[in-house]
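The values are calculated or read from the model by the stated rules, or taken from the named source; none is laboratory data. Owing to the predicted nature of the structure, the values given are computational and were not obtained by experimental measurement. Please note: Cβ atoms are built from the backbone with ideal geometry, for glycine as well, and neighbour counts cover all protein chains shown.
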Amino acid sequence: MMKKAYLSLAIAALSPTAMAVTLQDVENSFYPYKNGAPQVDGLSVGMVINKDNVEQFKANLDPAMYRFIAAGNYEMKVGATTSFDLHPNYVEATKARLGKVKLGEKVGQIEGADAGRPFVAEPDMNDPRAGEKLAWNFKYGYNWGDSAAIMPFYWKFRNMGTGKVERTLKFNFHFLNYTHRVNQDPKPALTPNPSNLFRGTYVQVVEPFDVKNTQLLIHRYEDDLKRDNAYLYLGFQRRVRRLSTGQVTDAFLGSDIMIEDFEGYNGRISDMNWSYKGTRNILMPFYNHNDMALDTETHKDQDGYQVVAFTGQGGCFPDITWQVRKVYELESASVDKNHPIGKRSHFVDAQTFTIPRTVSYDRKGDMWKTFTIGQSHPDFHLPANKGTGVSIDDSFSMIDLQANHCTTGQFKGQVDPTLSPAKKFTVQNLRASGR
């Protein structure tokens, strides 16, 4: 018995979850392609995956994309795998806190994570909290950097069967990190911050007239166990009301998207049970915006900027190239048994820790919705984004397979701190902007 106990302790001490993280782990985490891109037999840059050859690449597609291509709904163009290097300051912040970050006793508790990527070691299937660590890496990722804006942001509601665009909404979206700031002054945090907020999201509808000046404000706390404060301003009512927890899983303004869907997952770590399902090399929507087939017919900006075009059945798919990338498959299931979604499979990019692909299943276990968030390299986008080290959210498509309907998004993402001042993320601003 004693020998078995000592043996178990020795094995545990040597396991990846017990070993100390190193600077090499940081390098591996942030630069997974330094020794070359993943290779897939028979796959080459420039080829098109369609219903005739999709079976050959089934292992390198998530289940929803395989289903669409096999049905002839979409043809996927393959691009070269490129490195999306995050800002050096974010990498240095990670190094400065190496070995100091650990999970608390409860899901949603963490210690020592005030900047940078919390966990850089490769996830271990034998670690029961590996999924939770990946979720923290996403939450504290460099997604939009310290602050950014999407101005303008076009959403189109589309009938997937007929291709008819039923409705177009024009938004402005703004993001601001109050803490974990590594690049934009002030660093490392905005002060004063008496509520100890981590992040703010502010949304304003610009068009059409019937929903103009509808506004959404979300305050997320540094303490993940504390529920978000979310406020909605309805222009026709001219008043602010606080959103209940259940409303973040309702269809937002009649679209196919929930507030909880924003950015791949827009909720607390503690709201979900997280499971790591493995590491794969799969095709992901990463590209250079300036090299894509852009929309030359609609939404051309005054400065000449053009949004990504859409193609495929119903115009529900971004007309982009896809890269083979290292991906962590992460499953989330709500702790609330009344949640409308049974589970989500998030396909997390291992380099950027964005969530460009999500497949959602209903409570019966049937595939329900699938979310694509196209990622543009910042150096091949707007001149102001060059060198920011932000993987730019650049297009989206949320497809409801059961309703044969989709909502698509076309972005003008701008990493410019002057567009998202702290005063914009206040309840007072909702009232002032709604007049």
Looking only at the stretch 107-159, filter to residues that are of a type in the set (Asp, Glu) and within 19 Å of the chain's Cα centre (by Cα); which one of those is surrounded by the fewest Cβ atoms within 10 Å (Cβ to Cβ)? Glu132
Just one listed residue, out of Phe262, Phe209, Phe198, is surrounded by fewer than 17 Cβ atoms within 10 Å (Cβ to Cβ), within 27 Å of Ala432 (Cα to Cα) and of a type in the set (A, V, I, L, M, F, W, C), and it is Phe209
Residue match in the stretch 87-106 (condition: surrounded by fewer than 16 Cβ atoms within 10 Å (Cβ to Cβ), among the small types (Gly, Ala, Ser) and touching a residue at least 24 places away in the same chain (Cβ under 8 Å)): yes
Is there any pair linking a residue in the stretch 331-358 that is on the phi > 0 side of the Ramachandran plot to one that is basic (Lys, Arg), with Cβ under 8 Å and at least six apart or on different chains, and which? Phe353/Arg117
Are there any pairs, at least 6 apart or on different chains, whose C-beta atoms fall under 6 Å, with the first in the stretch 212-231 and closer than 19 Å to Leu253 by Cβ and without any contact (Cβ under 8 Å) to a residue 40 or more places away in the chain and the second surrounded by fewer than 17 Cβ atoms within 10 Å (Cβ to Cβ) and of a type outside the set (Ser, Thr, Tyr), and if so, which? Thr214/Leu234
Those residues of the stretch 366-401 which are among the small types (Gly, Ala, Ser) and part of a strand (DSSP E or B), in sequence order: Gly374, Ser376, Ser395, Ser397
Checking the conditions here, which among Lys133, Lys106 is within 27 Å of Lys277 (Cβ to Cβ) and assigned to a helix (DSSP H, G or I)? Lys133
Which numbered condition Thr354 misses (of (1) modelled with pLDDT under 95; (2) crowded, with 23+ Cβ neighbours inside 10 Å; (3) not aliphatic (A, V, I, L, M)): (1)
Where the second residue is of a type outside the set (Lys, Arg) and assigned to a strand (DSSP E or B) and the first is over 19 Å from Ile399 (Cα atoms) and in contact (Cβ under 8 Å) with a residue 40 or more places away in the chain and lies in the stretch 149-172, which pairs have Cβ atoms under 6 Å and are six or more apart or on separate chains? Ala149/His174; Ala149/Gln414; Ile150/Phe173; Ile150/Phe411; Ile150/Gly413; Met151/Asn172
Taking the criterion of being part of a loop (DSSP other than H, G, I, E, B) and either of a type outside the set (A, V, I, L, M) or buried (at least 22 other Cβ atoms within 10 Å of the Cβ) (or both), would at least one residue in the stretch 163-172 satisfy it? yes
Tabulated pairs, the stretch 37-58, first free of Cβ contacts under 8 Å to residues at least 24 places away in the same chain, second surrounded by 12 or more Cβ atoms within 10 Å (Cβ to Cβ) and of a type in the set (Ser, Thr, Tyr), C-beta under 6 angstrom, 6+ apart or interchain: Lys58/Tyr66
The number of residues in the stretch 227-264 that are out of contact with any Ser or Thr (no Cβ under 8 Å at 6 or more places or on another chain) and part of a loop (DSSP other than H, G, I, E, B) is 7
For the stretch 148-187, enumerate the residues that are among the hydroxyl-bearing types (Ser, Thr, Tyr) and touching a His at 6+ places or on another chain (Cβ under 7 Å). Tyr154
Residues to consider are Ser397, Ser391, Ser433; find the one that is closer than 29 Å to Lys212 by Cα and either surrounded by 18 or more Cβ atoms within 10 Å (Cβ to Cβ) or out of contact with any Lys or Arg (no Cβ under 9 Å at 6 or more places or on another chain) (or both). Ser397
